[in-house]
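The values are calculated or read from the model by the stated rules, or taken from the named source; none is laboratory data. Computed from a prediction, not measured in an experiment: that's the story for all the values here. So basically every Cβ, Gly included, is an ideal-geometry build from the backbone, and we count neighbours across all protein chains shown.
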Amino acid sequence: MTASNPFVDPNIASQTTELSPNYAIPAVLVFAGLPLILVQPIAAGVVSIFGLFLVYQAATIRLVFTATDLEVYRSQEKFRTFPYQEWQDWQVFWFAFPVLFYFKEVKSIHFLPVLFDVKMLRTCLEKYIPLKHK
């Protein structure tokens with residue numbers, strides 16, 4: 001739970017869960033680019049730049065679970081809101097080394113790289129959006 005979270009209104013902070021950032025995927029991409037320099041310098045640059053982009057995303061984007069919505073914050077400003085009542089499905093791919101979070105709403109499908117605490121993500125998903133097949 002978040003008590004003094006700069007991303008969330010303090011009046012509702014006790015009712016929310018903010019996911020901590022996780023830099024595993026960005027780090028793997030940045031470090032994977034290093035040996036690629038010897039084999040394919042252009043590919044190494046692309047992979048490393050994408051990894052650095054994900055480092056920035058992990059540092060600036062937060063997912064916050066509230067009682068009714070998943071809120072996405074970018075640099076302390078609410079960017080998007082996804083009401084749970086519109087969710088139809090969700091999945092975390094490759095839970096042993098999670099890289100992708102998928103969820104489907106009534107009108108759209110979303111894929112997000114896992115740039116946050118995946119255990120807390122799964123806990124929140126199971127709490128707020130329990131699915132029959134999970």
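Before we move on, is Val46 surrounded by fewer than 17 Cβ atoms within 10 Å (Cβ to Cβ) and either of a type in the set (Ser, Thr, Tyr) or modelled with pLDDT of 95 or more (or both)? Against the criterion (surrounded by fewer than 17 Cβ atoms within 10 Å (Cβ to Cβ) and either of a type in the set (Ser, Thr, Tyr) or modelled with pLDDT of 95 or more (or both)), Val46 qualifies. Condition test on Ser75, is it of a type outside the set (Asp, Glu), loosely packed, with under 12 Cβ neighbours inside 10 Å and either at pLDDT 95 or above or farther than 22 Å from Ala24 by Cα (or both)? No: the conditions fail for Ser75. On the given criteria, is Val106 touching an Asp or Glu at 6+ places or on another chain (Cβ under 6 Å) and not aromatic (Phe, Trp, Tyr)? Considered against the rule, which asks whether it is touching an Asp or Glu at 6+ places or on another chain (Cβ under 6 Å) and not aromatic (Phe, Trp, Tyr), Val106 comes out as yes.
Quick check on Arg122: is it within 28 Å of Gln15 (Cα to Cα), of a type in the set (D, E, K, R) and assigned to a strand (DSSP E or B)? So Arg122 fails the test.
When you check Leu100 against the structure, is it under 24 Å from Glu126 (Cβ atoms) and either at pLDDT 90 or above or not aliphatic (A, V, I, L, M) (or both), yes or no? Criteria met by Leu100. Only a single item in (1) within 23 Å of Phe97 (Cβ to Cβ); (2) assigned to a helix (DSSP H, G or I) is not met by Ile37, and it is number (1). Ala3 satisfies every condition listed in (1) loosely packed, with under 14 Cβ neighbours inside 10 Å; (2) modelled with pLDDT under 95; (3) part of a helix (DSSP H, G or I) except (3). Just so you know, in segment 6-24 the residues that are modelled with pLDDT under 95 and aliphatic (A, V, I, L, M) include one that is nearest to Val114 (Cα to Cα), and it is Ala24. Looking at this structure, is Tyr56 within 26 Å of Phe31 (Cα to Cα) and either modelled with pLDDT of 95 or more or not in a helix (DSSP H, G or I) (or both)? Yes; evaluated as a whole, the condition is true for this residue. When the residues of segment 24-43 are filtered to those that are of a type outside the set (A, V, I, L, M, F, W, C) and surrounded by 15 or more Cβ atoms within 10 Å (Cβ to Cβ), which remaining residue is nearest to Tyr128 (Cα to Cα)? It comes out as Pro26. Here's a check for you: in segment 92-119, which residue that is in a strand (DSSP E or B) and more than 12 Å from the chain's Cα centre (by Cα) is farthest from Gly51 (Cα to Cα)? If we take residues in segment 92-119 being in a strand (DSSP E or B) and more than 12 Å from the chain's Cα centre (by Cα), then Glu105 is farthest from Gly51 (Cα to Cα).
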